[in-house]
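**Q** Please find one structure pasted underneath; my questions will follow.
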């Protein structure tokens, strides 16, 4: 979305207001000029309000349309204020906006999430000439990542290829079993000569230990706590990223790394990694429950269904082999 704004208004100052947890990702987008964050404490709100008014924005695009963002949009004093009019969501405070992008439920559920995002600048007359999502790691983070992976990524045709595995998910229902990850890593190294690495957050260290316990061959674990920028730079060192449907999946796609993504019952039309070089694996839905599926398993709730366990080691390894 920001790329289209930049192409349309090359000299524009593009500011992103985000929750603190997501602000660091925006600093890797070369089209964004400034990143502001929502306050964590009540005492910090006056400073943000002064900054929003002082910026003299001409256009504000509100991608959330909550009570909070609606009133902040109006507070900026921008002459053009736009948000969504989604078919299944209440249009909050319609009178605070000058423009709205109509989004039907059929479009939202059948198209990639970026198509929904792009509907907002399109409603303002901004030409949509690209669907590229691009994150550019900083040089200092790349140097840090190269030390973790044994040096810069080589382009030599006979080099050993490197695959990074991220086995975590914010939902325990979406986890592919650790022994299967280990089996795929063993086959990658034994049959393809690829070097396997695994990375995960601090809360997932037990999962990494379990994968390493099942693995027959050496598996390099990146155990350092990484910033978002360091993680993006780490991804850029690899030939392939194997993961679940997750935030790291989207970061990998944005830095240009091919992805093999394991989906459960999530809507792949909306949430698949953006780009042409990626592989999404998902069992046919609705899936039939396995005899050993833990309970409760709620097929209609992608955060509480175990459908990803229907994927086999052979399926995942075949996808990795094709991608490499």
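**Q** Any residue in region 232-242 that is within 23 Å of residue 179 (Cα to Cα), modelled with pLDDT under 95 and buried (at least 21 other Cβ atoms within 10 Å of the Cβ)?
**A** No, the conditions are met nowhere in region 232-242.
**Q** Among helices (runs of 4 or more DSSP H) lying entirely in region 232-324, which contain 3 or more residues that are within 21 Å of residue 200 (Cβ to Cβ) and not assigned by TED's automatic domain parsing to the domain that holds residue 108?
**A** Because the criterion is at least 3 residues that are within 21 Å of residue 200 (Cβ to Cβ) and not assigned by TED's automatic domain parsing to the domain that holds residue 108, the helices (runs of 4 or more DSSP H) in region 232-324 that meet it are 247-254, 313-323.
**Q** Ok, one more. Taking the stated definitions as given, is residue 183 in a helix (DSSP H, G or I), on the phi < 0 side of the Ramachandran plot, in the same structural domain as residue 309 (by TED's automatic domain parsing) and under 19 Å from the mean Cα position of the chain (by Cα)?
**A** In short, no.
**Q** Could you list, in sequence order, all residues of region 206-216 that are exposed (fewer than 13 other Cβ atoms within 10 Å of the Cβ) and either in a loop (DSSP other than H, G, I, E, B) or under 21 Å from the mean Cα position of the chain (by Cα) (or both)?
**A** Correct list: 216 only.
**Q** OK, next. Go through 256, 229, 247 for me and flag whichever is at pLDDT 90 or above and at positive phi.
**A** 256
**Q** Condition test on residue 177, is it more than 21 Å from the chain's Cα centre (by Cα) and closer than 30 Å to residue 301 by Cβ?
**A** yes
**Q** Return the pair list, or none, for Cβ contacts closer than 6 Å from residues in region 241-268 that are farther than 16 Å from residue 319 by Cα to residues that are modelled with pLDDT of 95 or more and assigned to a loop (DSSP other than H, G, I, E, B), at least 6 apart or on different chains.
**A** Correct list of pairs: 253/273; 254/135; 255/135; 255/236.
**Q** Mind listing whichever residues of region 166-205 are surrounded by fewer than 16 Cβ atoms within 10 Å (Cβ to Cβ) and over 23 Å from residue 323 (Cα atoms)?
**A** Those that are surrounded by fewer than 16 Cβ atoms within 10 Å (Cβ to Cβ) and over 23 Å from residue 323 (Cα atoms): 170, 172, 201, 202, 203, 205.
**Q** So, in region 1-23, exactly how many residues are free of Cβ contacts under 8 Å to residues at least 12 places away in the same chain and either under 21 Å from the mean Cα position of the chain (by Cα) or more than 20 Å from residue 125 (Cβ to Cβ) (or both)?
**A** Within region 1-23, residues that are free of Cβ contacts under 8 Å to residues at least 12 places away in the same chain and either under 21 Å from the mean Cα position of the chain (by Cα) or more than 20 Å from residue 125 (Cβ to Cβ) (or both) number 2.
The values are calculated or read from the model by the stated rules, or taken from the named source; none is laboratory data. Remember, it's a predicted structure, so these values are computed and weren't measured experimentally. Reconstructed Cβ throughout: ideal geometry from the backbone, glycine too, with neighbour counts over all protein chains shown.
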